[in-house]
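Working notes for the structure below.
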Amino acid sequence: MIEKIVADVSDELNRCTPSKDFDGLVGLEAHVAKLCSMLCLESNEVRMIGIWGPIGIGKTTIARALYSQLSAADDDDNFHCVLLFFVCIFQGTETVLGISLDMSKLNDDVCTSEKAFDRMHNLQFLRLYTNFQDESFKLCLPHGLDRLPHKLRLLHWDSYPIKCMPSRFRPEFLVELSMRDSKLEKLWEGIQPLTSLKQMDLSASTKNKDIPNLSKATNLENLYLRFCKGLASVPSSLQNLNKLKVLDMSSCLRLNALPTNMNLESLSVLNMKGCSKLRIFPEISSQVKFMSVGETAIEEVPLSISLWPQLISLEMSGCKKLKTFPKLPASVEVLDLSSTGIEEIPWWIENASQLLIMCMANCKKLKCVPPSIYQLKHLEDVDLSGCSELRPVLSSRYRAFADVFFIRLLHSE
């Protein structure tokens, strides 16, 4: 439902078709002409104007008429976005429900007042987004931000430019919080009422060192913290997130462990690939289906993983300290142990009866493949390329096996 409302708001706010709805309104032309003169359109400066007054006297109508007139006379998308954004922010109306702005269309730095949202008591959807490939823009808050509207349900602010959220912000109605590539060092202090929150995305917030207490976020389903390079730990309150389905902490370079003694009953996807200081295999849910812990410092996989009935995919490529083949549950279909220190594939590989794909490319210490691998009836793709220590002479049975299934053999380039 939120996605539909946001789309409707975005369509309304970004509509550039000239309108004739204002024809015949007495006195409107004089107001628009005055605002045009205040904008100084011939100047290259960023000019911000406000439309103030009591509710119901026509502030929004004047703003829409101004936008309609100027959009008909100017084809520059950047001008349209900037004008519309500031009309919405500075008119002070309490009727605005949503704001959407593609900041990647801004050619110059734009500075916003710390009081920008003070009168927007009914704002529910705020979406300031960007294309991360374009870093030439900035939406600045030189004096910080006094407040965010209390009723916000969607807060999506890419490249949020200050260290923390407004101290008076209470996110009790938030359903989605996305602050990707932000300058945040922490979100807020203490425990916040987060029972409505379903998704949190702080990806690429490289200065973020602290995840807040999430004990009240009992409905959270998706948590994205990838590329939070300053994050060294996560709070024990993670154990309360029993509706969490996706946890992505890939490339958190300082992270060395997750809290122990928890079993997140709904977790389906766990991605910790590239957490290069992670030494202990993260046993935080026995219900995981897709797990990626490649390029970490993990040395061994606990035997308990063999009791994970839902596990479909296990990716541990680049775990160079891993020397022992993990004990797998029968449910595993995809296994990637390439570029690890594993020396042998154990005979009980045949117990992984659903295995479809096994990649062990560039396992330089791998010396043999057991005959029991022939029992894997569903196996379709085996990659043993670059395993330079693997026995160079293959049995006739192995060759027959290779003829039936697609196998990339040793020494293949």
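Where a number appears in this text, it was derived from the coordinates with a stated rule and is not lab data. Only a predicted model underlies this, so the values are computations on that prediction, with no experimental measurement involved. No Cβ is skipped: glycine too gets one built from the backbone with ideal geometry, and neighbour counts run over all protein chains shown.
Annotations
- Take the Cα of D118, step 7 Å toward its Cβ, do the same at K183, and the gap between the two points is 2.1 nm.
- Set K151/K243; K198/K321; K209/K277; K327/K364; K243/K320; K245/K367 screened for pairs whose C-alpha atoms are more than 27 Å apart: K198/K321; K243/K320; K245/K367
- Summarising the amide proton neighbourhood of C359: residues at separation of 5 or more, or on other chains, whose placed amide H is nearer than 5 Å comprise L335, D336, L337, D383.
- Extension gain, T61 back to L303 (0.36 nm per residue minus Cα-Cα distance, nm): 80.4 nm
- In this structure the amide hydrogen of E114, modeled in the peptide plane, comes within under 5 Å of the amide hydrogens of H143, none closer than 5 places in sequence on its chain.
- The mean sequence separation of alpha-carbon pairs under 8 Å and at least six residues apart, normalised by the residue count of segment 289-399, gives a relative contact order of 20 percent.
- Exposure proxy ranking for I62, I305, based on other Cβ atoms within 10 angstrom of each Cβ and starting from the fewest, stands as I305, I62.
- Cα gyration tensor, segment 184-275 - rounded (a/c under 1.5), prolate or oblate: oblate
- Take every Cα pair under 8 Å whose residues are at least 6 apart in sequence, average their separation, divide by the length of segment 206-325, and the relative contact order is 19 percent.
- Counted charge near N256, where neighbours are those whose Cβ lies closer than 10 Å (Asp, Glu -1; Lys, Arg +1): +3
- Between K321 and D381, the C-beta separation translates, for a Förster distance of 35 Å, into a calculated FRET efficiency of about 0.85.
- Two-decimal ratio, segment 256-296, of alpha-carbon radius of gyration to 2.2 N^0.38 Å: 1.10
- Sorted from greatest to least, the principal axis extents spanned by the alpha carbons of segment 140-206 come out as 30, 24, 20 Å.
- Binning the C-alpha pair distances of segment 169-322 at 10 Å intervals from 0 yields a P(r) profile of 12, 42, 36, 10, 1 %, listed from the shortest bin outward.
- Computed extension length for E172-E389: 72.3 nm, one decimal, from 0.36 nm per residue of separation with the Cα-Cα distance subtracted.
- K163 paired with A30, simple spin-label distance in nm, labels 7 Å along Cα-to-beta-carbon: 5.1 nm
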